[in-house]
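The values are calculated or read from the model by the stated rules, or taken from the named source; none is laboratory data. The model shown is predicted, which means the values in this text are computed figures rather than measured ones. FYI the Cβ positions are ideal-geometry reconstructions off the backbone, even for glycines, and counts take in every protein chain you see.
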């Protein structure tokens, strides 16, 4: 009946990050590094601002001493519906797939880094060097995730390998995917269940319900990127009526 | 009107071919020196391609730096060719004649050099074949024509093809002259290149029509090449300082500013190195300086327009970027140097006729302009990326690495080397244009009066 499904696919993966639940523990960062074969960020790479971390937790201080509060915000690829990185890539290495994901095709990438310049969230990473792991970690690499060579871009994929694995499993068992069945590494690792992953096209999913929450907002709305990552603002008990917790 | 000079055709041939039929004493050492620099540069480039872009000073989020700046700089320089040889040809400015070939040659050499930068700047240069040549079309994956990076090679290769043809067509009559004055393998070389040029009226007609047609056909390229280069930046909607609608005309007029200045530099060098005082005369510098005053002022207007557009919206991040670009260390120092060398010093000097006719002054002011224009591109590209984004955890400065500086120096040596090699085999000042202008200024007898053969331009 609806051509939208044919055109855009049945799913539209999205994520809710509840800043009120974020404790800044960085478990999501660690889980992401382990899941997605992200190279070790050595001191040299961090110092030269070439470290790779698909999700990062930024910490901001709010208020003056002694009423200082730490505010945390996890930032990963926002999987924008109108992604600025997509039209600028000359080889379609950065493109939008039918499930609402902003996908990076490593084999196509020639490393112009144009997408990274266009991205306002600065969540795209360039491999300035070949990735390195200590010998002890070599057998811990995830076989489902491509290791990115030198000279190409990479970024958060919403753990596309988990999406595919779980979808395949559901299909082979002849059933529909359940909401919450797919967990990204970060959402699985979040100790306070602050990161929720799901299908925004399913009106009954948790993400669909949370995205209309009154605390919901998206990052850098002024650019009109229409992100699929939606944040829930921090609740400040001292401020009645104002729930703008983000910086 | 052109100053009347009595230069015989023999004299013209003898002097203008002094770098081609004979070898000037300084030629071999200069070429050897430049060749050495170029060789080192090539080794550094090869090392960088082999080892990776980690050797540069680039980081996150400053993903583009010195290479892209130098790329834009050389594309800008290449605009000299069209400006001098096409626009001035179509507007019949007589003084362009001795300059045309040098300008066209500069276009070809600088474009050739500019093309190198996007290639070596990519993370995987060996995959560029996939990018410029759409070999994957059979699998339905065509390159993304929405990306300015696809339009860049299209525009630049069109421009390079057109300019090379233009240079070659204008070279034909001189190739005939050289063929008739050489022996041995050189004769065979020129015979092959001259395509049977005899100088009969039909050939002259075709050569002239070809030149005029190419001039007119290349005018749209003139506008489009640097417009497309400017869109590399202007389409990045989220980058303050890049996303500006003024960029296309701003870049084009800036390119003419730097390109024509580079021609002035080159003319001074030609006059000094080959001693062509009779052919490259102060009046030519005078005319170019007057052209430059107009171009530079138009470019200055665009610079102010860019700032006006940026500030008009009163968008806080945009204002913050401009504040950083103009007032914060170290950008403020670069900005002052850019503004002073790009406009404030050269233009008032050019306004004085005595200085316009002084070749040394013209030489140094034209160098200053290109220092300023290089900084202009740097000040657009790098502060835009190093801007204070809302996410402070990604703030990063940029310091070019020695590898980047070395490759930039390589590009200057490479362009100079290409042009010096050209000068050894082909005359840098078109002989036939020179003779034609001589004929035009010759007096002819009409009744009892002697009048110039043709009056086309008032000096």
Picked from the stretch A:26-62 (must be farther than 20 Å from residue A:140 by Cβ and surrounded by 15 or more Cβ atoms within 10 Å (Cβ to Cβ)), the residue farthest from the other protein chains (Cβ to nearest Cβ) is A:57
A careful count of residues in the stretch B:144-164 that are surrounded by fewer than 17 Cβ atoms within 10 Å (Cβ to Cβ) and either in contact with a helix residue (DSSP H, G or I) (Cβ under 8 Å, 6 or more places away or on another chain) or at pLDDT below 90 (or both) gives 6
Residue pairs within 7 Å by beta carbon, gap of at least six or interchain, first lying in the stretch A:174-193 and within 13 Å of residue A:205 (Cα to Cα), second part of a loop (DSSP other than H, G, I, E, B), listed first then second, are A:179/A:202; A:179/A:204; A:179/A:205
Note to self: Just to be sure before I move on: is residue A:100 away from chain B (no Cβ under 12 Å), on the phi > 0 side of the Ramachandran plot and either in contact with a helix residue (DSSP H, G or I) (Cβ under 9 Å, 6 or more places away or on another chain) or in a strand (DSSP E or B) (or both) in the structure I sent?
What the structure shows: yes
By residue number, the members of the stretch B:382-398 that are in a loop (DSSP other than H, G, I, E, B) and more than 7 Å from every other protein chain (Cβ to nearest Cβ) are B:386, B:387, B:388, B:395, B:397, B:398
**Prompt:** Would you call residue B:111 more than 11 Å from chain A (Cβ to nearest Cβ), surrounded by 22 or more Cβ atoms within 10 Å (Cβ to Cβ), at pLDDT 90 or above and farther than 19 Å from residue B:229 by Cβ?
**Reply:** no
Residues in the stretch B:275-328 that are under 19 Å from the mean Cα position of the chain (by Cα) and without any contact (Cβ under 8 Å) to a residue 12 or more places away in the chain total 1
Given (1) outside any helix (DSSP H, G or I); (2) at pLDDT 85 or above; (3) crowded, with 18+ Cβ neighbours inside 10 Å, residue B:2 misses just (2)
By residue number, the members of the stretch A:89-100 that are in contact (Cβ under 8 Å) with a residue 12 or more places away in the chain and touching a strand residue (DSSP E or B) at 6+ places or on another chain (Cβ under 8 Å) are A:89, A:93, A:94, A:96, A:97, A:99, A:100
Checked A:92, A:106 against criteria (at pLDDT 90 or above, surrounded by fewer than 23 Cβ atoms within 10 Å (Cβ to Cβ) and assigned to a loop (DSSP other than H, G, I, E, B)); the one match is A:106
Within the stretch A:144-160, restricting to residues that are without any contact (Cβ under 8 Å) to a residue 60 or more places away in the chain and more than 11 Å from chain B (Cβ to nearest Cβ), the one that is nearest to residue A:196 (Cα to Cα) is A:160
Exercise for review: Could you check, for the stretch A:110-120, whether at least one of its residues is in contact (Cβ under 8 Å) with a residue 12 or more places away in the chain, part of a strand (DSSP E or B) and within 16 Å of the chain's Cα centre (by Cα)?
Suggested key: no
- Message: Any residue that is surrounded by fewer than 23 Cβ atoms within 10 Å (Cβ to Cβ), within 9 Å of another protein chain (Cβ to nearest Cβ) and not in a loop (DSSP other than H, G, I, E, B) - is there at least one of those in the stretch A:74-85?
- Response: yes
Note: among B:397, B:406, B:386, B:449, just one is over 28 Å from residue B:248 (Cα atoms) and over 21 Å from the mean Cα position of the chain (by Cα), namely B:449
**Message:** Being surrounded by 15 or more Cβ atoms within 10 Å (Cβ to Cβ) and not in a helix (DSSP H, G or I) is the requirement here; does residue B:74 meet it?
**Reply:** no
